[in-house]
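Report on the following structure.
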Amino acid sequence: MSLLHKLTALGIHVLERGWLSSNCTLLLGATDAALVDSGFHTHSPQTLTWLYGQLKDRSLEVLLNTHLHSDHCGGNVAIQAAFPALRTAIPATSASAVSSWQAERLSFVSTGQDCPRFVASDYLLDGQSLSLGGLRWHVWQAKGHDPDSVVLFQEDHRILISADALWEDGFGVVFPELSHGAAFDDVEHTLNMIEDLNPDMVIPGHGPVFRDVGAALLRARSRLDHFRRHPDKHTRHAIKVLIKFKLLEWQRVSTADLLLWCRKTPLVSAHMPSDVQSSEAWLQELLTQLAHFSALRIDGPWVFNR
């Protein structure tokens, strides 16, 4: 039996996405249904079509966000509109930023991304126990990729919804390192916490469900060690990830407009040359590297997503 079939037998349904949207996980019990993460806002119609297909004529009671990056919470507004009685739970440490909609603190301004404003009704606390989809889940803080991120662990079946704290081949960009540093230690702490939980199966924020958690942790720790020894490489990787993400949204952009976006995006502009000629050469070098790995295509003054 495949991993997805085993999850489905437990009422756990996973919509595996690309990189513009996170994976979405529906926890479907006999009397309740909860969704973990909602994807990017432009993919909301796809998300809702999938949800309706899974729910049939049932309603969705709860929406949880593991963290508030636009690829994980961008669909909140559309899902809230579709299910008016829905309760939305976010990490408690993000509560004030959402209630007064502090876009800078929520990372949308700093990363140059878009997320429609939404409201939250419930808050996720470290160590909290929740009944979702007929199963008991524990909330655990998972700093590193995002300082407010959490993961969800189902102890009976040892299933971890890991968000971007652990993928099969690494983890998400450690964004706090780009602004104030000292977040690599948080990544290590989170990886140690996951190892202590000893999950049998992981539903990551991106990519397929996987089972060889030990091998994934080894790869993640190797990646972390590399970035600790070469923080400049992590910074360069992060900027390329932000550019690629924006291309996934835009699909096509002129080099001039992309350079303007870089200058207006704080996490990017803080690490690019200040003079015009050098910044143009800097961007061209990054685009050439991304094109070499088939992440984009350059055609004259235009840059296309691939």
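The values are calculated or read from the model by the stated rules, or taken from the named source; none is laboratory data. Nothing here was measured: the structure is a model prediction, and the numbers come from that model. Every residue, glycine among them, receives a Cβ derived from its backbone with ideal geometry; neighbour counts consider all protein chains shown.
Could you list all residues from the range 138-151 that are hydrophobic (A, V, I, L, M, F, W, C) and surrounded by 24 or more Cβ atoms within 10 Å (Cβ to Cβ)? Hits for the range 138-151 are Ala142, Val150, Val151. Would you check if there is a residue in the range 9-22 being under 19 Å from the mean Cα position of the chain (by Cα), surrounded by fewer than 22 Cβ atoms within 10 Å (Cβ to Cβ), among the β-branched types (Val, Ile, Thr) and within 27 Å of Lys143 (Cβ to Cβ)? So far as the range 9-22 goes, yes, one or more of its residues are under 19 Å from the mean Cα position of the chain (by Cα), surrounded by fewer than 22 Cβ atoms within 10 Å (Cβ to Cβ), among the β-branched types (Val, Ile, Thr) and within 27 Å of Lys143 (Cβ to Cβ). Candidates in the range 211-263 are the residues that are in the same structural domain as Pro176 (by TED's automatic domain parsing), among the small types (Gly, Ala, Ser) and surrounded by fewer than 14 Cβ atoms within 10 Å (Cβ to Cβ); of these, the one that is nearest to Asp196 (Cα to Cα) is Gly214. On inspection, Leu267 passes the criterion of being surrounded by 11 or more Cβ atoms within 10 Å (Cβ to Cβ), within 23 Å of the chain's Cα centre (by Cα) and within 20 Å of Thr111 (Cα to Cα).
Considering Arg252, Arg228, Arg236, which residue is at pLDDT 95 or above and touching a helix residue (DSSP H, G or I) at 6+ places or on another chain (Cβ under 7 Å)? None of the others qualify; the one that does is Arg228. Counting only residues that are among the hydrophobic types (A, V, I, L, M, F, W, C) and touching a helix residue (DSSP H, G or I) at 6+ places or on another chain (Cβ under 7 Å), which one in the range 271-306 is surrounded by the fewest Cβ atoms within 10 Å (Cβ to Cβ)? Once the filter is applied, the top-ranked residue is Ile298. Look at Val77 and say whether it is in the same structural domain as Glu177 (by TED's automatic domain parsing), in contact with a Ser or Thr (Cβ under 6 Å, 6 or more places away or on another chain), of a type in the set (A, V, I, L, M, F, W, C) and at pLDDT 95 or above. Answer is no for this residue.
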